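The values are calculated or read from the model by the stated rules, or taken from the named source; none is laboratory data. No experiment lies behind these values; they were computed from the predicted model shown. Cβ sites come from the backbone with ideal geometry, for glycine too, and all protein chains shown count toward neighbours. Protein only, heavy atoms only, side chains kept; ligands, DNA and RNA dropped before computing areas. Shrake-Rupley method; radii C 1.70, N 1.55, O 1.52, S 1.80 Å.
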Amino acid sequence: MPILIFISLFTLLDFVVLFSLGSEIGLLTTLLLVLGTGFIGLHLIRKEGVSTFARARQRMQAGEIPSTELLTGAALIFGGALLMAPGFLSDALGLACLIPSARQLMFKGLTWLGLKKVAAQQQGPNNSSAEPNEYHRSHSSQDDGAIEGDFISRDEPSRRR
């Protein structure tokens, strides 16, 4: 719910800034700026998305996890989408997603928020100092220890269906 309120307030503020600046610089200039940043965003999504996907595929073929490429690709797509949205605040945030140093700063901030949230979840209810495994065991509905799943044996040849 807080994220929905934040998005709504950001959108409202973005339109207020757009209309305020639009009345100062004129309708034609505002429209050209909005359309120009929209085309730039679309171009960057296509160009950077393809190159990031290629780097991720290379790392996966090398047997590595492409976590950096996935985060970069998500930030570039998010930044391009913000550039396509009408508004000057969304354009500023979209450009920040495209600048590598600003993107790294955002990744650090999101990591810090994620670690803070994980630490709060590990505290359990009412900030008790119970171990995570003890908390899980005490609130688990099934204690039979059975794990269901499928597996593929690498020794057997694959069957086509």
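Table for the structure above
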item	result
From the options 144, 150, residue that is at pLDDT 75 or above, more than 23 Å from residue 49 (Cα to Cα) and not hydroxyl-bearing (Ser, Thr, Tyr)	150
Cβ-Cβ under 8 Å pairs, at least 6 apart or on other chains, region 16-31 side farther than 16 Å from residue 89 by Cα, far side of a type in the set (S, T, N, Q)	none
Residue count, region 81-104 (criterion: assigned to a loop (DSSP other than H, G, I, E, B) and modelled with pLDDT of 85 or more)	3
Filter result (modelled with pLDDT of 85 or more and open to solvent by less than 90 Å² (accessible area, probe 1.4 Å)) within region 41-56	54, 56
Residues that are touching a residue at least 24 places away in the same chain (Cβ under 8 Å), surrounded by 19 or more Cβ atoms within 10 Å (Cβ to Cβ) and at negative phi, drawn from region 86-104	90, 91, 94, 98
Among (1) in contact with a Leu (Cβ under 9 Å, 6 or more places away or on another chain); (2) open to solvent by less than 90 Å² (accessible area, probe 1.4 Å), the one test that residue 71 misses	(2)
Out of 107, 78, sole residue that is modelled with pLDDT of 80 or more, open to solvent by less than 90 Å² (accessible area, probe 1.4 Å), of a type in the set (Phe, Trp, Tyr) and part of a helix (DSSP H, G or I)	107
Residue under evaluation residue 33, criteria (1) part of a helix (DSSP H, G or I); (2) over 30 Å from residue 19 (Cβ atoms); (3) open to solvent by 40 Å² or more (accessible area, probe 1.4 Å), criterion not met	(2)
